[in-house]
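Written below as structure tokens is the structure these notes are about.
The values are calculated or read from the model by the stated rules, or taken from the named source; none is laboratory data. Since the model is a prediction, treat every value here as computed from it, not as a measurement. Neighbour counts are summed over all protein chains in view; Cβ atoms, including those assigned to glycine, are modelled from backbone coordinates with ideal geometry.
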Amino acid sequence: MNDLLTTNSMRDLGFSKMVATRLIPRSRVGLVWKKVRGAPIQLVGLLALIVLQMGASSQFDFTESGGAARWQARHNVAPLKLEPDGLRILITGDDPFIEGPPLRKAVGPGAVCLRVRMRSEAGGTAQVFWAVGNWTEGQSVSFAVEAGAWTDLTIPLPILEKGTRLRFDPPGTTGICHLAWLIAEDAAANGISHVEATADELKFTVKGLAGDLEVVELAPYQSLAEAISGPIVHTGKLSTSVVFSIPRFEPVGAVRRDRVYSAFVPVQTHKKFGRIPVGAARHVDSFAGISKSEAPFPVSTSKKGLQIQMADDALKLGVQHAALNLDLNRMVDLSMNAANYEWTMDGEKYFFDRGYVDSLGVKKLTDAGCVVTLILLSYGSGDAARDAIMQHPRRIAKPPNNLAAFNTVTPDGLRHYKACLEFLADHFSQPDGEYGRAANYIVGNEVSAHWEWYNLGLATPEYAIGEYERSVRIANTAVRKFSSSSRVYLSLEHHWTLTFGNDPQKAVAGRTFIEEFNRLAQMGGNYDWNLAYHPYPENLFEPRTWNDKTATASPNSQRITFKNLEQLTLFFRRPELLIDGHPRHIILSEQGFNSDGTPEGDTAQAAAYCYAWVKVSRLDGIDSFILHRHVDHSGEGGLNLGLWRRQPDSVATPSTTRPMYEVFSKADTPDWEAAFKFALPVIGIKNWDEIFRKR
């Protein structure tokens, strides 16, 4: 039989009733199978051949007899074998991997997740690739596997187009790995698809499941593996879709614990493995009437901003956007001094340094009409107890810039981080404006270069992005409890498809960071995160950003600087990045231009500000341009970025102003064009329209 499958080949492929269910509506599977079962062997073989010619399902359940069809052992793996626990992979050397067949249809267009269940004799790192053509590291994800234990994971993926193949690389160089399934699906197709928080309830929508259901609550830092023993908050029976509610607040003794930060995952009983999690762990992704303040986002008539050192001078310059660094470690008072600000959360009291919080000067700035942005940081304090609570446990002892990632990994760290954000969001959104208004919260600093500016030790991109996404989501939830309009932002530096340095465990390319962060956020329940970007020139010592060679008119540009800033706004109009059908907000929260201290250097610095200001002022999708710095700082490696020079032998004591001070003062005034005219020949153009054509 040249074009029909033999009985042996069908047995090898595991052709069964399960295969039929992939192609035929469930209501007719039984009838069709009765006919096929009694048909001539040629007919059965023909049907099997049709299945193979159509390609593969995106749901590879290797515990079923047909799940391994057309999967192949490609490198340092013995012939594959189906066993009750799944696909048996015997590893015979370095770099073992297996490959699957092309998918017969796309997976999407919503958030896509890959559900993996596996057990390996060797612990270490496993990896999944997806590709239509050649395998590349850029289209892969790695994850840790504990030796001898079943690992359940739900991994965010991009939309998988028709014809995509999957590849699985088990950990280790010897031993046996059992792969129970690789199931690629819409993240909301099977499991919890939506969680809404109201004043008193959490409302759930569950789709795609049938039978008995348990919903388990997880702390934000807990994994799916912990769902098996987690607290059950709901039980019930499902048909295809169901909506139910649970109380938002759980009584714990005499207090009520707010579940709004938790993740939730369905758990069902599998015929072979017992209780297993199904789908992704989902968080609250919409808030209905829970915010203490419903005040709208403040209106600004200008994009002019500054990281402020001297408030009176900044206001004289016409600044309408003010960015302030806020060190959470400095703010927290573990001694619980009664003279400090007090905050109660889930029945526990927390204290925050009154003098430090008041010294930020938020009220003066908002009373003057500024939109205030708080940049949330975690500097090493030198207090071991405080740093252990507030900073990520994987940080190194002496981070390059004394900055670490936030600790949302431990119960104590999570509590204090939540309390900090809740206190700030409440304190700076009072209806009477007693303390002023903070409208924006930036989580960390330049996290794409995490080793330098958000240290959590050496980390894979997946780990670094996952840890950061959790902290951003928690911050968004805390802010939303107290303000319906304040915004939370990611912070990235100017490398776009390049990475800062050459070590993938120390930095992630900006574009990759955004894409992976977005997939992870969607899988866990999408929310309103925004971007704080730093489009410094490619060489921080060279202000002439219009000459940047690595900033090109392409979405694949190595860097995004002011020269090609429009690439950033274009990228954020992609459908997969929209929130409620609209682009996310972008602010430029830190960037500046160096002067070498010569008259020519001062002129080039001022011209660079003119160039950047004109571009930003005409570019839709950028809310603010916040210049760094107000005054030169001795701790910036020799850079002179200030509107003011500093006094010699001082850290940042102002001395005299630079030419950039004058053009900054004229930006967004009727006199801007006359003030900026000197910059045209410096840049090499005759009019400002040319900066959008000059590449």
TODO: Kindly check whether there is at least one residue in region 479-499 that is in contact (Cβ under 8 Å) with a residue 24 or more places away in the chain, farther than 30 Å from ASP367 by Cβ and part of a helix (DSSP H, G or I).
DONE: no
(1) assigned to a helix (DSSP H, G or I); (2) touching a helix residue (DSSP H, G or I) at 6+ places or on another chain (Cβ under 9 Å); (3) free of Cβ contacts under 8 Å to residues at least 60 places away in the same chain all hold for VAL357 apart from (3)
For region 537-591 the number of residues that are within 20 Å of THR499 (Cα to Cα) and free of Cβ contacts under 8 Å to residues at least 12 places away in the same chain is 2
Scanning region 360-389 residue by residue, the ones that are polar (S, T, N, Q) and assigned to a strand (DSSP E or B) total 1
Scanning region 622-640 for residues that are touching a helix residue (DSSP H, G or I) at 6+ places or on another chain (Cβ under 9 Å) and either over 25 Å from PHE692 (Cα atoms) or surrounded by fewer than 17 Cβ atoms within 10 Å (Cβ to Cβ) (or both) gives HIS630, ASN640
Inside region 569-609, the number of residues satisfying the requirement of being under 31 Å from the mean Cα position of the chain (by Cα), assigned to a helix (DSSP H, G or I) and of a type in the set (A, V, I, L, M, F, W, C) is 3
LEU414 being touching a residue at least 60 places away in the same chain (Cβ under 8 Å), in contact with a Pro (Cβ under 8 Å, 6 or more places away or on another chain) and surrounded by fewer than 22 Cβ atoms within 10 Å (Cβ to Cβ) | yes
Of the candidates ILE685, ILE691, ILE622, the one satisfying the condition of being of a type in the set (Val, Ile, Thr) and modelled with pLDDT under 95 is ILE691
Region 611-695: strands (runs of 3 or more DSSP E) wholly inside it with 2 or more residues that are of a type in the set (A, V, I, L, M) and in contact with a strand residue (DSSP E or B) (Cβ under 9 Å, 6 or more places away or on another chain) are 624-627
Note: among SER595, SER589, just one is crowded, with 23+ Cβ neighbours inside 10 Å, modelled with pLDDT of 95 or more, in contact with a strand residue (DSSP E or B) (Cβ under 6 Å, 6 or more places away or on another chain) and not basic (Lys, Arg), namely SER589
Restricting region 445-478 to residues that are among the hydroxyl-bearing types (Ser, Thr, Tyr) and in a helix (DSSP H, G or I), the one farthest from the chain's Cα centre (by Cα) turns out to be THR477
- With the condition kept exactly as written, say whether any residue in region 590-602 is charged (D, E, K, R) and in contact with a Phe, Trp or Tyr (Cβ under 7 Å, 6 or more places away or on another chain). no
- TYR463 vs. criteria assigned by TED's automatic domain parsing to the domain that holds PRO411, without any contact (Cβ under 8 Å) to a residue 12 or more places away in the chain and closer than 23 Å to CYS113 by Cβ: yes
- prompt: Residue check: is GLU250 in contact with a helix residue (DSSP H, G or I) (Cβ under 8 Å, 6 or more places away or on another chain), charged (D, E, K, R), outside the structural domain of ASP528 (by TED's automatic domain parsing) and farther than 29 Å from ARG519 by Cβ?
  reply: yes
Among ALA604, ALA612, the single one that is under 17 Å from LYS303 (Cβ atoms), among the small types (Gly, Ala, Ser) and buried (at least 18 other Cβ atoms within 10 Å of the Cβ) is ALA612
GLY525: passes all of (1) out of contact with any Asp or Glu (no Cβ under 8 Å at 6 or more places or on another chain); (2) on the phi > 0 side of the Ramachandran plot but (1)
Okay, strands (runs of 3 or more DSSP E) sitting entirely in region 234-329 with 2 or more residues that are closer than 30 Å to VAL616 by Cβ and not charged (D, E, K, R), I get 304-307, 321-327
Those residues of region 670-695 which are of a type outside the set (Gly, Ala, Ser), touching a residue at least 24 places away in the same chain (Cβ under 8 Å) and more than 21 Å from TRP644 (Cα to Cα) amount to VAL682, ILE683, TRP688, ILE691, PHE692, LYS694, ARG695
Of the residues in region 173-225, those that are hydroxyl-bearing (Ser, Thr, Tyr), farther than 23 Å from GLY108 by Cα and not assigned by TED's automatic domain parsing to the domain that holds ALA111 come to THR198, TYR221, SER223
>> Condition (residue is part of a strand (DSSP E or B) and closer than 20 Å to LEU114 by Cβ) applied to region 211-218: is it met by at least one residue?
In response: yes
- Query: Out of all the residues in region 300-314, is one or more under 30 Å from GLU422 (Cβ atoms) and acidic (Asp, Glu)?
  - Reply: no
Listed by first then second residue, the pairs whose first member lies in region 395-408 and is closer than 23 Å to ARG470 by Cβ, whose partner is of a type in the set (Phe, Trp, Tyr) and in a loop (DSSP other than H, G, I, E, B), with beta carbons under 8 Å and at least 6 positions apart or on separate chains, are LEU403/TYR454; ALA404/TYR454; ALA405/TYR454; THR408/TYR221
Of (1) surrounded by 15 or more Cβ atoms within 10 Å (Cβ to Cβ); (2) farther than 13 Å from ARG117 by Cα; (3) modelled with pLDDT under 95, ASP169 satisfies every one except (3)
Evaluate region 547-568: report whether one residue or more is part of a helix (DSSP H, G or I), out of contact with any helix residue (DSSP H, G or I) (no Cβ under 6 Å at 6 or more places or on another chain), farther than 25 Å from LYS686 by Cα and assigned by TED's automatic domain parsing to the domain that holds ILE308.
yes
Those residues of region 330-351 which are among the acidic types (Asp, Glu), surrounded by 15 or more Cβ atoms within 10 Å (Cβ to Cβ) and in a strand (DSSP E or B) amount to GLU342
Flagged pairs (Cβ under 6 angstrom, 6 or more apart or on separate chains; first in region 214-225, of a type in the set (D, E, K, R); second part of a strand (DSSP E or B)) are GLU214/ILE232; GLU214/THR235; GLU214/VAL267; GLU217/VAL233; GLU217/PHE264
Among VAL252, VAL278, the single one that is modelled with pLDDT under 95 and either over 30 Å from TRP150 (Cα atoms) or of a type in the set (Lys, Arg) (or both) is VAL252
By residue number, the members of region 44-69 that are under 20 Å from VAL107 (Cβ atoms), at pLDDT 75 or above and out of contact with any strand residue (DSSP E or B) (no Cβ under 6 Å at 6 or more places or on another chain) are GLU64, GLY66, ALA69
Looking only at region 518-536, decide whether some residue is of a type in the set (Lys, Arg) and touching a Pro at 6+ places or on another chain (Cβ under 6 Å). yes
